[in-house]
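Novice: Structure below; questions to follow.
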Amino acid sequence: MKPTVFLVDDDPKFLRSTTRLLESEEFPVSTFSSGQEFFANYKPGSPGCLLLDLMMPEMSGIDVLQRMRALNWSLPTIVMTAFGSVMSAVKAMKLGALDFVEKPIHRNADLKQLLRRTLKIRQPSQEAQREIQQTGEQLRTLTDREVKVLNRVVDGLSSREIASEFGVSLATVNSQRASIMEKLEVNSSQSLIGLVSRYQYARQLRSASGLTTKTRRG
């Protein structure tokens, strides 16, 4: 069975337009108007990824992720919202989401690449393995101090909060964050969190122990 994008959103117009967009890029799509409909119809183990709206009535995207975790379902998930924030991204990713996109996704030039990367993350292809290896190599270029800052960013802390915790200046933390983002080739906190989440997920699928990196001193 070809991997499918399982799209969950309560807005019928958004479902129709996004389905057309994804199908024009040759992504098979299956749509659901609520979390309840998704759980009633999705067959666990079906290959693909979940494109999940966070802001839905009755059962929110966070509720969906919590129930998936309780059911022990393993489906690579990208969350989306029109009201994006680092904290909402962190909360979703702590529940297993791999990445975060802001609506309107039609303006997101990276969506196609993100979906392809997410769809293949469970496939033991050489290309997927190379991407995991590349991310691991990038993470190993971080200094000990940068790894500590990265861990706090992934936890959802702001630069000011990190500076206060570590007893350093805000300028120092901002400089370290800029260095981290340059080394990992990302341009936003959400992308940074997503990169780490995908790496952890891929490592776990390969029976690894999670994110472990050998870093340079500094």
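The values are calculated or read from the model by the stated rules, or taken from the named source; none is laboratory data. Remember, predicted model here, so these are calculated numbers, not experimental data. No Cβ is skipped: glycine too gets one built from the backbone with ideal geometry, and neighbour counts run over all protein chains shown.
Novice: Find all pairs meeting these conditions: Cβ atoms under 8 angstrom apart; at least six residues apart or on different chains; first residue within segment 171-189 and at positive phi; second residue modelled with pLDDT of 95 or more and of a type outside the set (A, V, I, L, M, F, W, C).
Specialist: none
Novice: Considering (1) within 20 Å of Thr4 (Cβ to Cβ); (2) part of a loop (DSSP other than H, G, I, E, B); (3) modelled with pLDDT under 80; (4) not hydroxyl-bearing (Ser, Thr, Tyr), say which one Ala109 fails and leave the rest.
Specialist: (1)
Novice: Residue by residue through segment 47-89, note down the ones that are more than 15 Å from the chain's Cα centre (by Cα) and in contact (Cβ under 8 Å) with a residue 60 or more places away in the chain.
Specialist: Residue satisfying the conditions is Pro47 alone.
Novice: Anything in segment 47-93 that is in a helix (DSSP H, G or I) and not hydrophobic (A, V, I, L, M, F, W, C)? List them, or say none.
Specialist: Here is the first cut: in segment 47-93, the ones in a helix (DSSP H, G or I) are 61-71, 86-93.
Scanning segment 47-93 gives Gly61, Asp63, Gln66, Arg67, Arg69, Ser88, Lys91.
Novice: Here is a follow-up. Let me confirm something: among Ala163, Ala171, which residue is over 25 Å from Leu114 (Cα atoms) and either in the same structural domain as Ser88 (by TED's automatic domain parsing) or surrounded by 17 or more Cβ atoms within 10 Å (Cβ to Cβ) (or both)?
Specialist: Values: Ala171 fails: either in the same structural domain as Ser88 (by TED's automatic domain parsing) or surrounded by 17 or more Cβ atoms within 10 Å (Cβ to Cβ) (or both).
Criteria check complete, one pass: Ala163.
Novice: When segment 119-168 is examined, which residues are found to be part of a helix (DSSP H, G or I), of a type in the set (S, T, N, Q) and at pLDDT below 80? Talk me through it step by step, then tell me what you get.
Specialist: To start, the set of residues in segment 119-168 that are part of a helix (DSSP H, G or I) comprises 119, 126-140, 144-154, 159-166.
Next cut, of a type in the set (S, T, N, Q) only: 126, 129, 133-135, 138, 151, 159, 164.
Once the filter is applied, which keeps residues that are part of a helix (DSSP H, G or I), of a type in the set (S, T, N, Q) and at pLDDT below 80, segment 119-168 yields Gln126, Gln129, Gln133.
Novice: Here is a further query. Met93 fails exactly one of the following numbered conditions: (1) within 23 Å of Gln200 (Cβ to Cβ); (2) without any contact (Cβ under 8 Å) to a residue 60 or more places away in the chain. What is the number of that condition?
Specialist: (2)
Novice: Restrict the check to segment 196-206 and report whether at least one residue is at pLDDT 80 or above, under 23 Å from Met87 (Cβ atoms), out of contact with any Gly (no Cβ under 9 Å at 6 or more places or on another chain) and not small (Gly, Ala, Ser). Full working, then the answer.
Specialist: In the first step, residues of segment 196-206 are kept if they are at pLDDT 80 or above; the result is 196.
Filter once more, keeping what is under 23 Å from Met87 (Cβ atoms): 196.
Filter again for out of contact with any Gly (no Cβ under 9 Å at 6 or more places or on another chain), leaving 196.
Checking which are not small (Gly, Ala, Ser) leaves us with 196.
Looking for residues that are at pLDDT 80 or above, under 23 Å from Met87 (Cβ atoms), out of contact with any Gly (no Cβ under 9 Å at 6 or more places or on another chain) and not small (Gly, Ala, Ser), one finds at least one in segment 196-206, hence yes.
Novice: Regarding Gln36, is this residue touching an Asp or Glu at 6+ places or on another chain (Cβ under 8 Å), not charged (D, E, K, R) and not in a strand (DSSP E or B)? So that I can check it myself, show each step before the final result.
Specialist: Working: touching an Asp or Glu at 6+ places or on another chain (Cβ under 8 Å): yes; not charged (D, E, K, R): yes; not in a strand (DSSP E or B): yes.
Against the criterion (touching an Asp or Glu at 6+ places or on another chain (Cβ under 8 Å), not charged (D, E, K, R) and not in a strand (DSSP E or B)), Gln36 qualifies.
Novice: Let me ask you something else. Looking only at segment 11-28, which residues are crowded, with 18+ Cβ neighbours inside 10 Å and outside any helix (DSSP H, G or I)? If you could, list the steps in order and put the result at the bottom.
Specialist: The first filter runs over segment 11-28 and keeps only residues crowded, with 18+ Cβ neighbours inside 10 Å, leaving 14-15, 18, 22, 27.
Scanning segment 11-28 gives a single hit, Phe27.
Novice: Is there a residue in segment 160-179 that is β-branched (Val, Ile, Thr) and within 19 Å of Asp99 (Cα to Cα)?
Specialist: Step one: list which residues in segment 160-179 are β-branched (Val, Ile, Thr), which gives 162, 168, 172-173.
Retained after the next criterion (residues that are within 19 Å of Asp99 (Cα to Cα)): none.
Among the residues of segment 160-179, not one is β-branched (Val, Ile, Thr) and within 19 Å of Asp99 (Cα to Cα), which makes the answer no.
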